[in-house]
Each structure stands twice: as structure tokens, then as C-alpha cells.
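Report on the following structure.
The values are calculated or read from the model by the stated rules, or taken from the named source; none is laboratory data. Since this is a predicted model, take the numbers as computed values, not measurements. Methodologically, a virtual Cβ is constructed for each residue, glycine included, from the backbone with ideal geometry; neighbour enumeration extends over all protein chains shown. Accessible surface areas use protein heavy atoms only, side chains included; no ligands, DNA or RNA. Shrake-Rupley method; radii C 1.70, N 1.55, O 1.52, S 1.80 Å.
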Amino acid sequence: MSGIGAIGGATGVQQIMALRQQIVERSQLLQQIRNPSDATAETGGAAPAGGFTGALKSALDQVAATQDKAAVLSEGYEKGEVTDVAKVMLARQESGVAFEATLQVRNKLLSAYQDIMRMGI
């Protein structure tokens, strides 16, 4: 029995590590958006493909995909098709973290816009 728990635990650790990697990648993307001069230095002086708009769209698409995956897994669990509750909960947590990060980016963009609008007065 302990072997079964160890296998399930290893899978859970792998899922957590995959989630951590996705968070790190999103963090790097947000840092590139915030500091475009750093991104151009890393790419040999070229601007990132698509620029700010492309990076923002890509990030939003990733968040939407994460939310869709969580919704599909939740629906599958409710129907009895998915029996791994840990997988469902990890997907839901990942979706929540992605949404919160998106909300924070939105708040920062709105604040920056308001600051810029105040400059003209």
C-alpha cells in the first residue's frame, strides 16, 4: 500500500512542479512587459515579437486556457468521469492563481493609465 501512496505522491509533486514552472514563466513574461529594455538586451537589441500587445494577448490566452482546463476537469469530476480529485483541485488552484495575476496586471495598467491622464492636466 505504501508503494501506491508513493506513486500518487510523486505524481502530485510533478504536478506542483509543473504549476510552479508555469507561474515562473508568467512572471518572466510580466517582467518583460514591465521592463522592455531588458527584453531587448536579451534578444540582441530586437524588440520582443508582437511587442506589448502580443505579450498581453499571449498571457490572456494562457489564462483562458487554464480556466478552460479547470472547467473541463471540474465538469468531468461532477459527472464521475474524472476520479482524481487532486488533479481537479490543482487545476482549479492554478486557474485561480492565473486569474489573480491577471487581475493584478489589470490594476497596474489602470493605475498607469490614470497617472498618464493626470499628467496632461
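Things worth noting here:
- Being open to solvent by 60 Å² or more (accessible area, probe 1.4 Å) and either at pLDDT below 70 or farther than 15 Å from ARG106 by Cα (or both) is a property that ALA39 lacks.
- Among residues of segment 66-99, those that are exposed (fewer than 11 other Cβ atoms within 10 Å of the Cβ) and not small (Gly, Ala, Ser), counted: 5
- Qualifying residue in segment 102-116 (condition: in contact with a helix residue (DSSP H, G or I) (Cβ under 8 Å, 6 or more places away or on another chain) and open to solvent by less than 70 Å² (accessible area, probe 1.4 Å)): yes
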